[in-house]
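Note sheet for the following structure.
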């Protein structure tokens, strides 16, 4: 039997299973790629949602700090242009808000809070809040509030414009 007669006789017997195998392989390959793409897109979407949630939580903390700042009057302006901090108001009401999710704060906010904590710790060690340290803390606190306001402003400009 020559090649052509063999090919004519067994063509369908060979091509049907071969076509089935190739079709199954291609179908599985396409399905796998599609699932990988869907999973990849879902992971990206979940990361974006998590990041947005984190940003919103941070902005909520900042808003609470500003609300508390407005109602407590943490800073006092005395005669002679001296500025003083009401340290108890800061340590009992403002600082705990910042430490609710300290890990989520912007680095410049966290650094400012840490710098204030170091100075407060020094004052506690000296068992006295001198006028000079009170004024330094007041200026640090004012800077902290300004940094928070800047972050809220940037949030409004960038994040809220997109939605």
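Those residues that are under 28 Å from the mean Cα position of the chain (by Cα) and surrounded by fewer than 16 Cβ atoms within 10 Å (Cβ to Cβ), I need them from the range 128-146; list them, please.
139, 142, 143, 146
Does residue 40 satisfy the criteria of being without any contact (Cβ under 8 Å) to a residue 24 or more places away in the chain, surrounded by fewer than 10 Cβ atoms within 10 Å (Cβ to Cβ) and at negative phi?
no
Can you tell me which of 107, 112 is over 18 Å from residue 55 (Cα atoms) and under 24 Å from the mean Cα position of the chain (by Cα)?
Exactly one residue qualifies, and that residue is 112.
Please work out which residue is farthest from residue 112 (Cα to Cα), limiting yourself to the range 87-99 and to residues that are in contact (Cβ under 8 Å) with a residue 24 or more places away in the chain and under 28 Å from the mean Cα position of the chain (by Cα).
Within the range 87-99, the match that is farthest from residue 112 (Cα to Cα) is 93.
How many of the residues making up the range 136-163 are in contact (Cβ under 8 Å) with a residue 24 or more places away in the chain and either on the phi > 0 side of the Ramachandran plot or out of contact with any strand residue (DSSP E or B) (no Cβ under 7 Å at 6 or more places or on another chain) (or both)?
Of the residues in the range 136-163, 11 are in contact (Cβ under 8 Å) with a residue 24 or more places away in the chain and either on the phi > 0 side of the Ramachandran plot or out of contact with any strand residue (DSSP E or B) (no Cβ under 7 Å at 6 or more places or on another chain) (or both).
Scan the range 56-63 and give yes if some residue there is over 30 Å from residue 133 (Cβ atoms), in contact with a helix residue (DSSP H, G or I) (Cβ under 8 Å, 6 or more places away or on another chain), in a helix (DSSP H, G or I) and in contact (Cβ under 8 Å) with a residue 40 or more places away in the chain, otherwise no.
Yes, the range 56-63 has at least one match.
Examine the range 74-86 for a residue that is more than 21 Å from the chain's Cα centre (by Cα), in a loop (DSSP other than H, G, I, E, B) and at positive phi, and state whether such a residue exists.
no
Within the bounds of the range 116-127, is there any residue that is more than 20 Å from the chain's Cα centre (by Cα) and assigned to a loop (DSSP other than H, G, I, E, B)?
yes
Kindly list the number of the only condition in (1) within 21 Å of residue 98 (Cβ to Cβ); (2) modelled with pLDDT under 95; (3) assigned to a helix (DSSP H, G or I) that fails for residue 24.
Here residue 24 meets the rest and fails (1).
The values are calculated or read from the model by the stated rules, or taken from the named source; none is laboratory data. Being a predicted model, the structure only gives us computed values, none of them experimental. Please note: Cβ atoms are built from the backbone with ideal geometry, for glycine as well, and neighbour counts cover all protein chains shown.
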